[in-house]
Amino acid sequence: MIHGFATVIKGSANPGDTLKLECSGIEPIKCRVKNDGSWAMPDVRLPTGSQELTVVDENNPELSATIRILVSEVTPIYVTSPLTGETLEAKHIEVTGKAARGRLVCLRLGRKTMTERANNHGSFRFSDVELPEWGDQRLMFYYAEAPAQGNTDITVRWPGLDLPSIVDPVTRSHLEPGADIVRCINCYTYCYRATWVQVGRCPRCDVSNKYWNRASTDFHTPRINLTN
């Protein structure tokens with residue numbers, strides 16, 4: 001059994017002869033046998049399912065060989081993180097997922113395309129993926145060797161909030177996406193909830209005792225002139 005990627009078919013025959021590969025669903029493929037008697041037909045794309053392959057020696061039509069193989073479906077690409085529909089809180093993210101082992105996985109985002117190879121366990125990871133703009137982002141995944149097979153898309157939302165670039169006014173530590181963070185209703189400062197509780201009010205403006213948490217739509221409203 002082989003997977004539905006392009007494969008190489010090879011063998012031996014009379015040096016200098018021309019061979020023709022015939023298989024239902026594809027155009028015949030020809031190659032010439034090398035001087036050492038070896039031959040190969042690279043990048044042969046076969047339809048899925050049970051297939052019968054026949055190689056005929058065009059110089060000696062009575063010489064032929066037939067094999068039957070099973071071509072399996074390409075393993076669909078599955079994205080484990082981030083999840084489709086997720087709201088992200090950082091401009092630079094990491095993308096992980098599962099795919100066919102050892103295959104090149106392409107990620108296209110905006111005008112940029114990145115490529116990573118799935119490891120022996122089928123896992124892949126794209127590090128430091130930069131989101132190009134605010135709003136909905138479409139991430140497209142496909143195999144470099146078979147773009148039309150096993151591909152998938154996800155859509156995430158980035159409202160322009162880049163938490164790792166902001167520091168807590170008191171602890172001076174960078175804010176981690178997904179952590180327990182609040183935002184001041186008065187001066188729009190972001191900080192850890194623990195810092196707010198410790199101070200008893202907004203640690204920046206020192207007057208507000210009300211904040212938005214992540215459940216509020218105003219929590220993610222981008223403020224481009226915000227610096228902490």
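The values are calculated or read from the model by the stated rules, or taken from the named source; none is laboratory data. All values reported here derive from a predicted model rather than from experimental measurement. Neighbour counts run over all protein chains shown; Cβ positions are idealised from the backbone, glycine included.
General observations
- Subset tally (residues that are under 23 Å from Glu94 (Cα atoms) and polar (S, T, N, Q)) for the stretch 171-222: 2
- Criterion: farther than 23 Å from Glu145 by Cβ and under 34 Å from the mean Cα position of the chain (by Cα) - qualifying residue of Ser81, Ser50, Ser38, Ser72: Ser81
- Just one of the listed residues (Thr80, Thr87) is modelled with pLDDT under 95, in contact with a strand residue (DSSP E or B) (Cβ under 7 Å, 6 or more places away or on another chain), closer than 27 Å to Phe219 by Cα and hydroxyl-bearing (Ser, Thr, Tyr), namely Thr87.
- Restricting attention to the stretch 99-108 and to residues that are surrounded by fewer than 19 Cβ atoms within 10 Å (Cβ to Cβ) and in contact with a strand residue (DSSP E or B) (Cβ under 8 Å, 6 or more places away or on another chain), the residue that is farthest from Leu131 (Cα to Cα) turns out to be Gly102.
- Here is the figure for the stretch 57-93: residues that are over 30 Å from Gly16 (Cβ atoms), surrounded by fewer than 19 Cβ atoms within 10 Å (Cβ to Cβ) and of a type in the set (Asp, Glu) total 2.
- The set of residues in the stretch 30-51 that are assigned to a loop (DSSP other than H, G, I, E, B) and either exposed (fewer than 12 other Cβ atoms within 10 Å of the Cβ) or touching a helix residue (DSSP H, G or I) at 6+ places or on another chain (Cβ under 8 Å) (or both) comprises Asn35, Asp36.
- Taking the stretch 122-159 as the range and being over 14 Å from the mean Cα position of the chain (by Cα), in a strand (DSSP E or B) and surrounded by 13 or more Cβ atoms within 10 Å (Cβ to Cβ) as the test, the residues that pass are Arg157, Trp158.
- Scoring Cys106 on the criteria (1) within 9 Å of the chain's Cα centre (by Cα); (2) over 29 Å from Pro164 (Cα atoms) leaves a single failure, condition (2).
- For the stretch 160-169, the count of residues that are aliphatic (A, V, I, L, M), in a strand (DSSP E or B) and either modelled with pLDDT under 95 or closer than 30 Å to Cys202 by Cα (or both) is at least one.
- In the stretch 191-218, the residues that are assigned to a loop (DSSP other than H, G, I, E, B), basic (Lys, Arg) and out of contact with any Ser or Thr (no Cβ under 7 Å at 6 or more places or on another chain): Lys210, Arg214
- Looking at Thr115, Thr96, Thr54, just one residue is in the same structural domain as Asp153 (by TED's automatic domain parsing), modelled with pLDDT of 95 or more, surrounded by 13 or more Cβ atoms within 10 Å (Cβ to Cβ) and not in a loop (DSSP other than H, G, I, E, B), and that residue is Thr96.
- Qualifying residue in the stretch 173-186 (condition: among the small types (Gly, Ala, Ser), at pLDDT below 95 and assigned to a strand (DSSP E or B)): no
- Going through (1) assigned by TED's automatic domain parsing to the domain that holds Asp128; (2) loosely packed, with under 14 Cβ neighbours inside 10 Å one by one, Asp180 falls short only on (1).
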